[in-house]
Amino acid sequence: MNTIKPPILIIDDDEVDRYVLKRLIKETQLPLNIFEKKDGQEALDFLQNYEENKKEDPDGFPPVLIFLDINMPRVNGIQFLEEFAKLREIIEVDSCVVMMFSSSAREEEKEKIMTYDFVKDYLVKGSFKADELKEKLLSIIDFSLYEN
């Protein structure tokens with residue numbers, strides 16, 4: 001029996017940060033299907049290609065959760081949120097939520113970001129452990145929807 005894993009998307013230009021987050025996710029022992037994009041533009045292109053991606057991977061698209069960095073080239077995290085808010089009105093990604101994953105702990109940035117109703121949390125890189133991450137993931141993703 002093949003169990004469907006909830007798809008998540010990591011958007012971060014730093015390969016080491018993506019690796020660290022993937023390792024933490026692995027430590028949670030939650031069955032997740034992880035996609036990665038290097039910046040906000042790459043992620044927007046991925047999400048805007050909705051029909052093709054849905055056809056290619058009906059169980060793995062769209063992601064249910066996005067881990068989003070703030071400081072990235074081309075399209076940064078805040079610009080991504082602005083575009084993603086518009087995108088949510090056009091294509092079926094409204095069940096997808098965002099969890100910020102940034103090295104920035106600047107309060108004014110955090111306040112602006114948390115005004116988006118689809119942003120569910122703000123994690124500062126290096127400030128949490130796998131068990132805390134697991135708790136947050138379980139509060140966001142309904143794993144029972146993915147059981148056969």
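Quick look at the values:
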| item | result |
| --- | --- |
| Which numbered condition A85 fails, given (1) of a type in the set (A, V, I, L, M, F, W, C); (2) surrounded by fewer than 17 Cβ atoms within 10 Å (Cβ to Cβ); (3) under 26 Å from E52 (Cα atoms); (4) in contact with a Leu (Cβ under 6 Å, 6 or more places away or on another chain) | (4) |
| Leading residue by the ranking (surrounded by the fewest Cβ atoms within 10 Å (Cβ to Cβ)) among those in segment 13-49 that are among the polar types (S, T, N, Q) and part of a helix (DSSP H, G or I) | Q48 |
| Lone qualifier among I10, I66, I91 - being surrounded by fewer than 18 Cβ atoms within 10 Å (Cβ to Cβ), in contact (Cβ under 8 Å) with a residue 12 or more places away in the chain, touching a helix residue (DSSP H, G or I) at 6+ places or on another chain (Cβ under 9 Å) and not polar (S, T, N, Q) | I91 |
| Exclusive hit being of a type in the set (F, W, Y) and closer than 24 Å to V20 by Cα, set F84, F61 | F61 |
| Count - residues of segment 103-132 that are modelled with pLDDT of 85 or more and touching a strand residue (DSSP E or B) at 6+ places or on another chain (Cβ under 8 Å) | 12 |
| Selection from segment 16-35 of residues that are under 19 Å from G126 (Cβ atoms), in contact (Cβ under 8 Å) with a residue 12 or more places away in the chain and not aliphatic (A, V, I, L, M) | D17, R18, K22, E27, T28 |
| Segment 53-102, residues that are among the hydroxyl-bearing types (S, T, Y) and in contact with a strand residue (DSSP E or B) (Cβ under 9 Å, 6 or more places away or on another chain) | S102 |
| Boolean, E27 is at pLDDT below 95 and either of a type outside the set (G, A, S) or touching an Asp or Glu at 6+ places or on another chain (Cβ under 6 Å) (or both) | no |
| Residue check, G77 under 17 Å from M99 (Cβ atoms), modelled with pLDDT under 95 and either out of contact with any Cys (no Cβ under 9 Å at 6 or more places or on another chain) or surrounded by fewer than 18 Cβ atoms within 10 Å (Cβ to Cβ) (or both) | yes |
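The values are calculated or read from the model by the stated rules, or taken from the named source; none is laboratory data. Here the structure is a predicted model, which is why all the values come from computation and not from measurement. Note that we place each Cβ from the backbone using ideal geometry, even for glycine, and neighbour counts take in every protein chain shown.
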